[in-house]
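Read through the structure below, which is laid out as structure tokens, and then see the notes.
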Amino acid sequence: MRTPLDTELLRTLVTIVETESFTASGEKLRRTQPAVSMQMKRLEDAVGKRLFEQRYAFASRSTLDKARNLRFGSPV
């Protein structure tokens with residue numbers, strides 16, 4: 001028999017999807033961003049699947065290129 005999922009974990013999941021942000025979800029739920037991340041880790045462990053992928057946005061590419069150039073001393 002399966003253990004029922006914690007409703008707080010599910011509420012946090014829904015809030016993350018709605019706000020598209022762990023930080024904004026934390027603010028809305030009055031939790032820190034690390035607490036939100038820990039809750040999602042618990043939920044992922046409970047369901048046995050990864051729920052989120054972490055990646056940078058395409059718009060961040062130019063910022064990343066500038067940072068790389070600064071890091072290695074090349075002109076921007």
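The values are calculated or read from the model by the stated rules, or taken from the named source; none is laboratory data. Because the structure is a prediction, the values reported are computed rather than measured. So basically every Cβ, Gly included, is an ideal-geometry build from the backbone, and we count neighbours across all protein chains shown.
Values for this structure:
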| quantity | calculated |
| --- | --- |
| Condition met for residue 35 (of a type in the set (A, V, I, L, M), surrounded by 11 or more Cβ atoms within 10 Å (Cβ to Cβ) and at pLDDT 95 or above) | yes |
| Candidate set: the range 2-32, residues that are over 19 Å from residue 53 (Cα atoms) and not in a helix (DSSP H, G or I); chosen: the one modelled with the lowest pLDDT | 2 |
